Amino acid sequence: MDQYVYDFAEGNKDMKDLLGGKGANLAEMTNLGLPVPAGFTITSEACKRYLAQGTHVDGLDEEIDQHLAALEDAMGRKLGDPADPLLVSVRSGAKFSMPGMMETVLNVGLNDESVDGLSRQAGGNDRFAWDSYRRLIQMFGKTVCDVPGEEFEDALHQAKVAKGVKDDVQLDADDLRALVSAYKKVFAKHVGHDFPQDPRHQLDLAIEAVFRSWNADRAVLYRRQERIPADLGTAVNVVAMVFGNLGPDSGTGVAFTRDPATGESGIYGDYLQNAQGEDVVAGIRNTLPLADLEKIDKKSYDELLSIMATLEGHYHDLCDIEFTIERGKLWMLQTRVGKRTAAAAFTIAAQLVDEGMIDLDEAVTRVSGAQLAQLMFPRFDLAGDPSPLTRGVGASPGAAAGEVVFTSADAVARAGEGKNVILVRRETNPDDLPGMIAAQAILTSRGGKTSHAAVVARGMGKTCVCGADELEVGRDQFTVGGRVVHEGDVISVDGTTGRVYLGEVPVRPSEVVQYFEGDLDPALANEPLVAAVHLLMTHADEKARLKVRTNADTGADAARARRFGAHGIGLCRTEHMFLGDRRELVERLILAHNPTERNDALAALQPLQRADFLDIFREMNGLPVTVRLIDPPLHEFLPSLEDLAVQVAVAKERGEDSPRDERMLAAVRRMHEQNPMLGLRGVRLGLVIPGLFAMQVRAIAEAAVALAAEGGRPRPEIMVPLVGAVQELETVRAEAEKIIAEVVGDSGVEVLIGTMIEVPRAALTAGQIAEAAEFFSFGTNDLTQMAWGFSRDDVEGAFFWRYLELGIFGISPFESIDRDGVGRLVRIAAEEGRAARPGLKLGVCGEHGGDPESVHFFHEVGLDYVSCSPFRVPVARLEAGRAAIESVGSDHR
Ligand code: PEP
Ligand code: MG
C-alpha cells in the first residue's frame, strides 16, 4: 500500500515530487541536525487521490494518527490538550514553489478550553492566547469553510471602533475574548454549525482544505503563468507551532544567503520583532534589516549565520530561509534554493564556480535562456539626469514605464486596451495576481525584498520596486512629498535601483547587449554580471553540439547576428527583397502579357537581388548562408482586391479610363485564392512562373562568385520552400544546377541545394526527398500550421485562450514545439533523411529555433543547427550548451 505520511526524519531534499519543496527541505534540515520543529508531511499523492475522488482517502486517517502520536511524543504535549496544548500549523507545499497561492492554517488545536492552556504556557499571557484563537477562527473560517474574509475584518473593525483605538495591538485580552465570540457568530451564520471544537476534526478539515487549494483560481492562474503542470498536487506539512509573537524576545524573519536581486554575498533578509511569519511575507509592517538582529539577539543571530553557512555549503546554492525566534530560541521553518533575478542567477553561478562549490557544467545549467533574454532588455537612460520622485527597494530588476493603476482589475482592463500599466499598491496579496501579470511593473509602499510582491515579481521576471515608504497610496491617487500622482499618470520604475520617476524615462541598451555587440563601455568590463555572462556563455559554446544560425535578410541584421555569435544564416527570406521600390518591377512581372515582358521584368530584378546577396555574403564571409527562394503567393505583392475593385468602380462611375488599374484588377482576381497559405506559393510558384527561381539562383551564384573574386569565402546554400514531393525538388534542382555550373565555372565556389521540410508529406517522404537534397531545414511554423490544421496568422488571437484554459496544451504550439505531433514529424524526417543520405545536414528555421524548450528537443533529435532571429541567438547558444550538458548528465544516470 502507498505510504501517504512521512515523518520529517524519513524524507530528504530529493523527494520533492512526493513531499513537495517545503516538506523535502524540512526533512533535509531535520536530518542535518538543524533546529526544525517536529512534524510530518502528507504526500502529494494523497492530495491527488483526494482531488480525484472528491472525498477522504482510505488509510490516510490511520497514518495521520500514528504520525500525530509520534509528534505528540516528541513535543511532550497532546494536540489541543486543555491543560497544555500542542498546536500545529497545516501548510501547503508543492514540488514547485507557488508563493502564497495555496492555503495555510495556523494554530490548529485551539478551542474554548485549550485557549486557557495556551495562556498558561505563555506565562499567563491571556492576550496572546485569545489573539491566537481569533486568528485560528478567522483563517479556518476563510480557508476551510469559505466564510467571506470581510465579515471577520468588519468584526475586528467594530471592536476597534467600540474601544476607540486604531491598531489591533491596542486590543487587550478581554476585547479579544469578545472578538472570538463575535467571530464564532460569523462562523456559525455562514457555515450553519458552530466552530469545531474537536482538535483532531479541525486538523482533518484543515488538511483537506489545503488539498483543495491546489485548484483555487489564483493557484491555477499562477501555474499557467509559470508553466507548472496542473496534475502535480500539493503536499501538506503538519508542524508543531512555534510563536514569534510572544514578546520582544520573539520574532520572525526571512533570510537569503546572498542578495537575490544582484547575487552579491552578504547578510540579506528582513526581521520583524514580536510577529508571526505571515506578517513578514504579507508586507503588512515594514521590517528591520536582518543585520539589526545582531543587536536584538546576538545568540540567535550568530546561530542563524552559522546555519546559513551550513545550508549554502550543503545545497551549493543560494538558499532562502524562514525562521522564527520563540523567546530567544531559534527555529528553522523553511529553506529552499531561493528564487533570484536573472542578474543574480548569472552572478551567483559564476561566484559558486570561483568558490569551488560547483563546476562550470553545473553553473551553465543554473542559468536559462529566458533569464538571459531578460538581461538583454533595455535599461533607463539617465543621461537627462531625471530626478526621482521617490525610492524604494529594487526588488526585481528591469525598466518599465506606464500608466498608474491602483487595482488588479484596473490593471487587467487597461492592459487589455493595449496600455502599459504600473500597478501601485500599499502591498500586494495573492488576489492581485491577474493585475501583476498584466502590469509592466509593480510598485508598493510597504514590504521588503521578501514581501509577496517582490517574490512573485521576481518569479515572473517582472520589474518591481517595493517598500517605497514615502508613498501614501490612496484609492485612485498616491502622494509623495506633497506631489499627487493620479490614476492614468505615467511613471517610470527602475527595479534595479529602486528609483521611481514621474513621466516616461527613455531607455538604452543593456550592458549585456553591449557586451554581445562588442562595444561595452570599458568601465563595465569587470562588472560581475558581464564577467559572469562571459564565463558561462564561453563554456556553453564549448559544450554545445548544436550550432546556432540566424534568420536575417539584410546585411545589417546579418552583421549584428554575427556579433551575437551566429554561425551563419539559416534562413534568408528573399520575399522581403521584393517590397518597397521594387514593387513596381514585381507588378510588371505579374502583369506580363508574354515571355518577353516577363523576362524583362526578371532581368531588371536580377542585379538588385545580386547586390542584396553580395551584401549578406560579405557580412557572413566564411560562414554558410541559406537563401530561400521566394515563398509567399505573388498576389501578396499586389494591392488588395477590395481596394482595387472600389477604385476601378469609382473611376468607371466617373466615366474615367484606368486601363492599368483594370488590368491589375483582372490579375488580382485571377490570382485570388480562398486559402492562400495552401495555394500558389513556394516551390509551386517556381514551377508555374518560368524564370522566377532561375533569376534568383543566378543572382545567388553571381554574388558568390563576386565575393570569391574579392578574396572572400562565400558558402551559399539554396533552399527550396514548401516541397511536398521529391519530384518538385528534382525539377527545380535540375534547372538550378545548370545555371550554377554556368555561373561558377572554375571559380571554386560551391553551392549546396536543399529544401525546407514544412509540409507534413515532406516529413513523411523524407527518405525520397533526401536523395535530391544536400540539407533539410525544418520550417516548423508551416509544419505546425499544417500538422494541426491551425491557420498560423489567426488562431492564437482567436481561440487559443480556450485551449490553454482547457489544458489541451500548456503553451501555443507555434511558440514551443509540440513534441508529440509536430516533433514526431521532425524525428521521422531526420531519421529517414539521414538513413537515405548519411551526413545530411539538418537544421530548423521556424520560430521554434529560438525557443529554449524547443532547442533542447532539437538537440535530442540530433539536428546540426537551429536558426533564430538575431536577438535570440545568445539565448539559443546558451540553451544549446545546456542541452548538451544535461544530455550527458542524463546518459550517465
Ligand atoms: C516556417 O514555415 O517555419 C518558415 C521558417 O518559413 P516562413 O515562416 O517564412 O513560412
Ligand atoms: Mg514556411
Taking only the stretch 710-765 into account, find how many residues are open to solvent by less than 40 Å² (accessible area, probe 1.4 Å), away from ligand 2 (no atom under 16 Å from the Cβ) and assigned to a loop (DSSP other than H, G, I, E, B).
6
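So that you can scan it fast, the table gives a plain yes or no per residue for (1) in contact with a helix residue (DSSP H, G or I) (Cβ under 7 Å, 6 or more places away or on another chain); (2) within 16 Å of ligand 1 (Cβ to nearest atom); (3) among the basic types (Lys, Arg):
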site	(1), (2), (3)
624	no, no, no
629	yes, yes, no
638	yes, no, no
654	no, no, yes
661	yes, no, no
664	yes, no, no
674	no, no, no
679	no, yes, no
When you look at residue 690, is it within 16 Å of ligand 2 (Cβ to nearest atom) and out of contact with any His (no Cβ under 7 Å at 6 or more places or on another chain), yes or no?
no
Starting from residues that are among the small types (Gly, Ala, Ser) and assigned to a helix (DSSP H, G or I), keep the ones in the stretch 865-893 and report whichever is modelled with the lowest pLDDT.
890
Selection over the stretch 585-629 where residues are modelled with pLDDT under 95 and part of a loop (DSSP other than H, G, I, E, B) yields a count of 3
Among the candidates 409, 457, single out the residue that is surrounded by fewer than 17 Cβ atoms within 10 Å (Cβ to Cβ), outside any loop (DSSP other than H, G, I, E, B) and touching a helix residue (DSSP H, G or I) at 6+ places or on another chain (Cβ under 9 Å).
409
Six or more apart or on different chains, Cβ atoms under 7 Å: show the pairs whose first residue is in the stretch 50-69 and open to solvent by less than 60 Å² (accessible area, probe 1.4 Å) and whose second is of a type in the set (D, E, K, R) and in a helix (DSSP H, G or I).
50/208; 57/49
Looking at (1) away from ligand 2 (no atom under 16 Å from the Cβ); (2) farther than 24 Å from residue 376 by Cβ; (3) charged (D, E, K, R); (4) surrounded by fewer than 20 Cβ atoms within 10 Å (Cβ to Cβ), which is the only condition residue 793 fails?
(1)
Residue within the stretch 824-842 that is modelled with pLDDT under 95, crowded, with 22+ Cβ neighbours inside 10 Å and within 16 Å of ligand 2 (Cβ to nearest atom) present
no
Of the residues 642, 702, which is away from ligand 1 (no atom under 16 Å from the Cβ) and in contact with a Lys or Arg (Cβ under 8 Å, 6 or more places away or on another chain)?
702
If we keep just the residues of the stretch 818-858 that are among the charged types (D, E, K, R) and outside any helix (DSSP H, G or I), which is farthest from ligand 1 (Cβ to nearest atom)?
837
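So that you can scan it fast, the table gives a plain yes or no per residue for (1) surrounded by 18 or more Cβ atoms within 10 Å (Cβ to Cβ); (2) under 30 Å from residue 262 (Cβ atoms):
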residue: 533; (1), (2): yes, yes
residue: 547; (1), (2): yes, no
residue: 554; (1), (2): no, no
residue: 567; (1), (2): yes, no
residue: 590; (1), (2): yes, no
residue: 594; (1), (2): no, no
residue: 602; (1), (2): yes, no
Here the residues within the stretch 462-479 that are surrounded by fewer than 18 Cβ atoms within 10 Å (Cβ to Cβ) and in contact with a strand residue (DSSP E or B) (Cβ under 8 Å, 6 or more places away or on another chain) are 470, 472, 476, 477, 479
Could you check the stretch 21-33 and list, in sequence order, the residues that are touching a helix residue (DSSP H, G or I) at 6+ places or on another chain (Cβ under 6 Å) and either in contact (Cβ under 8 Å) with a residue 60 or more places away in the chain or of a type in the set (Val, Ile, Thr) (or both)?
26, 30
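For (1) aliphatic (A, V, I, L, M); (2) assigned to a helix (DSSP H, G or I), each residue gets a yes or a no:
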position	(1), (2)
515	no, yes
526	no, no
533	yes, yes
545	no, no
549	no, no
553	no, no
558	yes, yes
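Per-residue answers, yes or no, for (1) out of contact with any helix residue (DSSP H, G or I) (no Cβ under 9 Å at 6 or more places or on another chain); (2) without any contact (Cβ under 8 Å) to a residue 24 or more places away in the chain; (3) open to solvent by 20 Å² or more (accessible area, probe 1.4 Å):
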residue: 201; (1), (2), (3): yes, yes, yes
residue: 204; (1), (2), (3): no, no, yes
residue: 223; (1), (2), (3): yes, no, no
residue: 231; (1), (2), (3): no, no, yes
residue: 236; (1), (2), (3): no, no, no
residue: 257; (1), (2), (3): no, no, no
residue: 261; (1), (2), (3): no, no, no
residue: 267; (1), (2), (3): no, no, yes
residue: 272; (1), (2), (3): no, no, no
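Taking residue 680 as the residue in question, decide whether it is within 16 Å of ligand 2 (Cβ to nearest atom) and buried (at least 22 other Cβ atoms within 10 Å of the Cβ).
no
Yes/no matrix, rows are residues, columns are (1) more than 16 Å from ligand 2 (Cβ to nearest atom); (2) free of Cβ contacts under 8 Å to residues at least 24 places away in the same chain:
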residue	(1), (2)
550	yes, no
554	yes, no
571	no, no
575	no, no
580	yes, yes
593	yes, yes
600	yes, yes
608	yes, no
613	yes, no
Residue 579 fails exactly one of the following numbered conditions: (1) within 16 Å of ligand 1 (Cβ to nearest atom); (2) open to solvent by less than 30 Å² (accessible area, probe 1.4 Å). What is the number of that condition?
(2)
Regarding the stretch 777-787, can at least one residue be identified that is touching a Lys or Arg at 6+ places or on another chain (Cβ under 9 Å), closer than 24 Å to residue 873 by Cβ and more than 16 Å from ligand 1 (Cβ to nearest atom)?
no
Let me confirm something: among 386, 430, which residue is open to solvent by 20 Å² or more (accessible area, probe 1.4 Å) and under 26 Å from residue 320 (Cα atoms)?
430
Going through 805, 774 one at a time, which residue ends up being surrounded by fewer than 23 Cβ atoms within 10 Å (Cβ to Cβ) and either within 16 Å of ligand 2 (Cβ to nearest atom) or over 26 Å from residue 569 (Cα atoms) (or both)?
805
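Conditions tested, residue by residue: (1) touching a helix residue (DSSP H, G or I) at 6+ places or on another chain (Cβ under 6 Å); (2) buried (at least 24 other Cβ atoms within 10 Å of the Cβ); (3) farther than 27 Å from residue 725 by Cα.
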site	(1), (2), (3)
797	no, no, yes
801	no, no, yes
814	yes, no, no
845	no, yes, no
848	yes, yes, no
852	yes, no, yes
860	no, no, no
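Results for (1) of a type in the set (Asp, Glu); (2) within 26 Å of residue 12 (Cα to Cα); (3) at pLDDT 95 or above, shown as yes or no for each residue.
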position	(1), (2), (3)
340	no, yes, no
344	no, no, no
356	no, yes, no
375	no, no, no
404	no, no, yes
Given the conditions (1) within 24 Å of the chain's Cα centre (by Cα); (2) within 15 Å of ligand 1 (Cβ to nearest atom); (3) closer than 27 Å to residue 878 by Cβ; (4) of a type outside the set (Lys, Arg), and given that residue 793 satisfies all but one, which numbered condition is not satisfied?
(3)
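The values are calculated or read from the model by the stated rules, or taken from the named source; none is laboratory data. Source: prediction; values computed, not measured. Positions of Cβ are generated from backbone atoms using ideal geometry, with glycine treated the same way; all protein chains shown enter the neighbour counts. Heavy atoms of the whole protein, side chains included, go into the accessibility calculation; ligands, DNA and RNA do not. Shrake-Rupley method; radii C 1.70, N 1.55, O 1.52, S 1.80 Å.
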